[in-house]
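The values are calculated or read from the model by the stated rules, or taken from the named source; none is laboratory data. Values in this document were obtained by computation on a predicted structure and should not be read as measured data. When we count neighbours, we look across all protein chains shown, and the Cβ atoms used for this are built from the backbone with ideal geometry, even at glycine. Protein only, heavy atoms only, side chains kept; ligands, DNA and RNA dropped before computing areas. Shrake-Rupley method; radii C 1.70, N 1.55, O 1.52, S 1.80 Å.
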Amino acid sequence: MAAADRSSSIVEYFGGEAGYRCGYCKNVTGNLSHGMWAHSMTVQDYQDLIDRGWRRSGKYVYKPIMNQTCCPQYTIRCRPLHFQPSKSHKKVLKKMLKFLAKGDSSKVAGDEEPMDSHREDAVACSFVLKNDSDISQSELKPLSVEETERVETEDNNEEEEMKKGVTMKKVESEPPQTCVDKDSTGSGERSDSAKLVHTTPKPGKGADLSKPPCRKAKDIRKERKLHKLLQNQPHTLEGSPSQVEPQILLSQNSKSKANQPKSIEDFIFASLPDDATHQLEVRVVRSSPPSCQFKATFQESYQVYKRYQMAIHKDPPDKPTISQFTRFLCDSPLEAENPPSGPDCGYGSFHQQYWLEGKIIAVGVIDVLPYCVSSVYLYYDPDYTFLSLGVYSALREIAFTRQLHEKASELCYYYMGFYIHSCPKMRYKGQYRPSDLLCPETYVWVPIEQCLPTLEHSKYCRFNQDLKAVDEGCIKELGRVRVLHKRTVMPYSMYKKRRKGPSDEASVQQYASLVGQTCSERMLLFRS
């Protein structure tokens, strides 16, 4: 037996829920899931849980009962290291560049805003909006005090954290392509006399030779690039630049990029002209425990969310309250971790804020975990719907994942929540390729291309084609499940002997089978 370790995950399991309203097909009682309240959780435990089909909404962690729920929700992950934007993705990226460079806010026919217009992770369940005081806390109170002291200690270091705040590079776009000749029909700039009357030019006369010839923007860019390359060339002993044929230099430099499609970074980090209309900045701030940057922008962030809910989800003016906003999008059970080998921002829960001209226009709620960036939710200022911020933010998060991977090599996936094939409006996540779906029975990842044909015939599917395959992480020894009872950690086998009253073995068995053997031996199952 041992005293409870504050670095351990502490969960309170509630079992299978009675059916509640489905946000996708609107079935009144068709949505079924298992759930538990996470008082605290390590990022590794949550990573392992989402790899078994769990997701969090605030501090509530739930798992759809896949073979019973009306709309099966399959965990989906994208592989960012191999991701290439589709034509529709590029259209959104170009639209943003055009808006930043020229202030163009025109809408493009066929634009959709799917990624953020569905409350996919906001479970319509009483536990989501349940007050902490409503949960049995008597035996957890000493732990809560410890957690409060830890947060206060971190708050004292907020000034240092401010200096370490993660700010993603400002989005810039390429300068607009220009040509000396603005006449769509001419081959060069005309002289004044040529504009007066339409006459047959005299032999030997054409474009005004006193003026520079029309040059293509492509040639201008190539010349600038060459000039830059020559400046960066190593010098000889005499101090003069080494002599390299310009065309050879250009071809060597562009060899690796030849015939390769543009990446999302090519669009996101393209250079803006000096007279750009707007500047966009993306800031990553820790939301739990709240950093000083998060606290300083809390009210503004809340007001954007309130406007979003009223415009997109038709909420009344008195909703959502600050309390609801906090519990749903700010509270998180994830413990902040900053190992030396991890990403610079650390692991845990964050808000990715999109700033335009000094104000927040969108916020992406994300979790940074050992193997992935997990997208939780996105909300935005309705005035900027024309920018397709749902798609744009997903592409930014994919780029962010690739950026974090450079420091933390194991972090190489982007989790997009749930893929719901039975709801046509929720199929857009399958457009971020390559991606995989999680088999709901064996918890192995299967390429989405192999899953779609079976989903067309049945809304619930086992994707693993090996009929002999089983859940490798299934519970094997129930007695080894870790239990927290009266502030003491003990194996379930010992707790079972001490327990008074009716047996809870069936509930513990269900819990352990859902979280798997590994998590059941690491996490602490609260028992009163």
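Odds and ends about this structure:
Each row is one residue, and each column tells you yes or no for (1) touching a Ser or Thr at 6+ places or on another chain (Cβ under 8 Å); (2) under 24 Å from T326 (Cβ atoms); (3) open to solvent by 10 Å² or more (accessible area, probe 1.4 Å).
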{"site": "F350", "(1), (2), (3)": "yes, yes, no"}
{"site": "W355", "(1), (2), (3)": "no, yes, yes"}
{"site": "D367", "(1), (2), (3)": "yes, yes, no"}
{"site": "S375", "(1), (2), (3)": "no, yes, yes"}
{"site": "L389", "(1), (2), (3)": "no, yes, no"}
{"site": "E410", "(1), (2), (3)": "no, no, yes"}
{"site": "R427", "(1), (2), (3)": "no, no, yes"}
{"site": "Q450", "(1), (2), (3)": "no, no, yes"}
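- Apart from one condition, G342 fits all of (1) of a type in the set (G, A, S); (2) under 17 Å from the mean Cα position of the chain (by Cα); (3) at negative phi; the exception is (2).
- Qualifying positions in the range 399-422 - over 16 Å from R55 (Cβ atoms) and over 15 Å from the mean Cα position of the chain (by Cα): E406, K407, A408, S409, E410, H421, S422
- Here L272 meets each of (1) closer than 16 Å to H351 by Cβ; (2) in contact with a Ser or Thr (Cβ under 6 Å, 6 or more places away or on another chain) with one exception, condition (1).
- P434 vs. criteria closer than 25 Å to S393 by Cβ, open to solvent by 10 Å² or more (accessible area, probe 1.4 Å) and in contact with a helix residue (DSSP H, G or I) (Cβ under 7 Å, 6 or more places away or on another chain): yes
- For the range 391-399, the criterion of being outside any loop (DSSP other than H, G, I, E, B), open to solvent by 40 Å² or more (accessible area, probe 1.4 Å) and in contact (Cβ under 8 Å) with a residue 12 or more places away in the chain is satisfied by no residue at all.
To keep it simple, each residue is scored yes or no on (1) among the hydroxyl-bearing types (S, T, Y); (2) in contact (Cβ under 8 Å) with a residue 24 or more places away in the chain; (3) surrounded by 14 or more Cβ atoms within 10 Å (Cβ to Cβ); (4) assigned to a loop (DSSP other than H, G, I, E, B).
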{"residue": "Q260", "(1), (2), (3), (4)": "no, no, no, yes"}
{"residue": "S271", "(1), (2), (3), (4)": "yes, yes, no, yes"}
{"residue": "A276", "(1), (2), (3), (4)": "no, yes, yes, yes"}
{"residue": "V282", "(1), (2), (3), (4)": "no, yes, yes, no"}
{"residue": "Q299", "(1), (2), (3), (4)": "no, no, no, no"}
